[in-house]
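Peer 1: My questions will all concern the structure given below.
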Amino acid sequence: MTPPELRDLLADSLALWEVAARPQVTGTGIALTAPDGTPLSILPAVAADLPVRWWLERPGQRRPCTSVLGLLRTFRNAVGAGETEARRLRVARPDV
Amino acid sequence: MIPISVVTGFLGAGKSTLLRRILRDPAWADSAVIVNEFGEIPLDHDLIAASEESFVSASTGCLCCVVRDDLTQTLLDLLRRREAGAVPPYARVLIETSGLADPAPILHALMTDEALAATHVLSSVVALVDALHGEATLARHPEAQRQVMLADRILVTKPDLAAAPQGAIRALNPAAPLREATHGAADPGWLFAAAPRPAELPDWAARHTAGLASIVIEREAPIPALALTLWLQGLAEHAGPRLLRVKGLVALTEQPDRPAVLHAIQHMVHPLEWLDAWPGEDRRSRIVLIGERIPRHFPARLLAAIEVEVAAAGH
């Protein structure tokens, strides 16, 4: 995923969570300021870091993310959107 | 006079399942079916086994708003084709509204058009209420409330999963007879029998939940099953209760020659059903997602990101 593609996905996610923040491409990663003023960076991991695919950085903290879904979950918490509406997928019984 | 029955109910309540089952019954196969879908691409046409000639799909918008003016014309066109022998001599018309339709304007159109009144009569309005999601849906969506309020008969679906939301239903419609049905196993004779009807009903203006929209995703290349599963998980997790419905015909990488029918109602996804073959030449995956205030490109961007990741992992 290119940095602009990641920026667009994160921007859509912020809109979905109704968080006012604007992610911007910075080199190979994305930077933004969370609503509480915390600077955040999302950086792609290098191949040697696998299975880590992304790093989410804030001052004094670096969180590894092994998938894009993991990244969105971590990112959501970092911007303070919580999980108030989060739901786990459930599978219906056959023919229900 | 040709009787018309309107089958309504919120997204995922089981309208298509009910109709599919009824049309399999030889005693009710002589029904013309008009299906309205909220999505921009019609899918139910491929999923309801109806006679090709007497099936009309109206998918350009919500029947109660955009398509309402065309409904009378559709019914009269169908009648002309029937009289010309171009369609089988159907005994009744069943109209499946979109799950987001307020039935009031539809009933108004059916009851007040003079040309239609000479040949057709509104027989019954059936509202389906999902036992599992019904109570929350009735509390949240004005369309669902109006569907129940205007029903002559109420069919509670999925009663094996949860108790019927009797209180919520009766608060809206204290008098309509109510039955329960699992997997669409309801008596059509009861559903579609003529119901007494006042000559005039108040307040025909359609009411809708704000911010509802359908989003279409089309894919040329088959989708890995793992990517589809992760995508649904991501949608459920991040869109939460704002995700109302996902349905589609999907070409999976693991079995691209047979389309998989995808159904999800809110965060409840049904096991994939497999069709024997693609219904037409178009073999692209077509998924329609209906939700409240979901950014238009979010579902496609999420799927693309997951597909890249799944491909990189060698799946």
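Peer 1: At a 1.4 Å probe, what is the % contribution of carbon and sulfur to the accessible area of the protein assembly as shown?
Peer 2: Roughly 52 percent of what the probe reaches on the protein assembly as shown is carbon or sulfur.
Peer 1: Here's another thing I want to ask about it. Please list, in order along region B:125-137, the HN-Hα scalar couplings obtained from phi with the Karplus expression 6.51 cos²θ - 1.76 cosθ + 1.60 (θ = phi - 60°), rounded to whole Hz, x for Gly and Pro.
Peer 2: Here the 3J(HN,Hα) series is 10, 10, 10, 9, 10, 6, 4, 6, 9, x, 5, 5, 5 Hz.
Peer 1: Label points 7 Å out from Cα along the Cβ direction at B:ARG179 and B:ALA312: separation in nm?
Peer 2: That separation, rounded to one decimal, is 5.5 nm.
Peer 1: Note down the net charge around A:SER41, summing +1 for each Lys or Arg and -1 for each Asp or Glu among other residues with Cβ under 13 Å from its Cβ.
Peer 2: On the way: positive: A:ARG7, A:ARG58, A:ARG62, A:ARG63; negative: A:GLU57.
Every neighbour counted, the sum reads +3.
Peer 1: Can I ask one more? If one computes P(r) from the Cα atoms of the protein assembly as shown, what percent of pairs lie at distances over 30 Å?
Peer 2: Details: 38754 of 84255 pairs.
Summing the P(r) of the protein assembly as shown above 30 Å gives 46 percent of all pairs.
Peer 1: Write down the Kirkwood hydrodynamic radius of chain B, to one decimal in angstroms, obtained as one divided by the mean of 1/r over all alpha carbon pairs. Mind showing how you got there, number by number?
Peer 2: Values: mean 1/r = 0.0496 Å⁻¹.
Roughly 20.2 Å, rounded to one decimal.
Peer 1: So who's got an amide H within less than 5 Å of the one on A:ALA34, skipping anything under 5 residues away but keeping other chains? H placed 1.01 Å off N, in plane.
Peer 2: It is A:LEU40, by chain and number.
Peer 1: Once you place label points 7 Å from the Cα toward the Cβ at B:ALA115 and B:ALA277, how far apart are they in nm?
Peer 2: So the label points at B:ALA115 and B:ALA277 sit 3.8 nm apart.
Peer 1: Assuming a viscosity of 0.692 mPa s and a temperature of 37 °C, what translational diffusion coefficient in µm² per second does Stokes-Einstein assign to region A:3-81, Rh being the Kirkwood radius over Cα pairs? Walk me through the numbers before you get to the answer.
Peer 2: Values: Rh = 12.4 Å.
This corresponds to a translational diffusion coefficient of 265 µm²/s.
Peer 1: Shifting gears a bit: Tabulate in residue order the Karplus-calculated ³J(HN,Hα) for region B:262-278, using 6.51 cos²θ - 1.76 cosθ + 1.60 with θ = phi - 60°, rounded to whole Hz; enter x for Gly and Pro.
Peer 2: Once θ is set to phi - 60°, the couplings for region B:262-278 become 9, 9, 9, 10, 6, 9, 9, 9, 8, x, 4, 9, 10, 7, 5, 7, 5 Hz.
Peer 1: Taking only the alpha carbons of region B:199-314, what extent do you get along each of the three principal axes, in Å, biggest first?
Peer 2: Projected onto the principal axes, the Cα atoms of region B:199-314 cover 60, 32, 22 Å.
Peer 1: Before I look further, what does the protein assembly as shown give for accessible area per residue, probe 1.4 Å, in whole square angstrom?
Peer 2: Values: 17270 Å² over 411 residues.
That works out to 42 Å² per residue.
Peer 1: OK, next. For region B:64-177, what ratio Rg/Rh do Cα atoms give with a Kirkwood hydrodynamic radius?
Peer 2: Details: Rg = 16.3 Å, Rh = 15.6 Å.
With Rg and the Kirkwood Rh in hand, the quotient comes to 1.04.
Peer 1: Among B:VAL156, A:ILE42, B:HIS297, which residue has its Cα furthest toward the positive end of the charge dipole of the protein assembly as shown, with +1 on Lys/Arg Cβ and -1 on Asp/Glu Cβ?
Peer 2: Farthest towards the positive end: A:ILE42.
Peer 1: I would also like to ask the following. Collect residues whose amide H, placed 1.01 Å from N in the peptide plane, falls under 5 Å from the amide H of A:ARG53; neighbours closer than 5 in sequence don't count.
Peer 2: A:CYS65, A:THR66, A:SER67
Peer 1: Hey, another quick one. How large is ³J(HN,Hα), in whole Hz, for each residue of region B:289-295 in order, when computed from phi with the Karplus curve 6.51 cos²θ - 1.76 cosθ + 1.60 and θ = phi - 60°, using x for Gly and Pro?
Peer 2: Per-residue couplings from phi come out as 10, 10, x, 9, 6, 9, x Hz.
Peer 1: Still on this model: With each label point set 7 Å from Cα along the Cα-Cβ vector, what nm distance links B:ALA27 and B:ALA136?
Peer 2: About 3.8 nm separates the two model spin labels.
The values are calculated or read from the model by the stated rules, or taken from the named source; none is laboratory data. Not measured: the values here are computed from a predicted model. Every residue, glycine among them, receives a Cβ derived from its backbone with ideal geometry; neighbour counts consider all protein chains shown. For accessibility, only protein heavy atoms count, side chains too; no ligands or nucleic acids. Shrake-Rupley method; radii C 1.70, N 1.55, O 1.52, S 1.80 Å.
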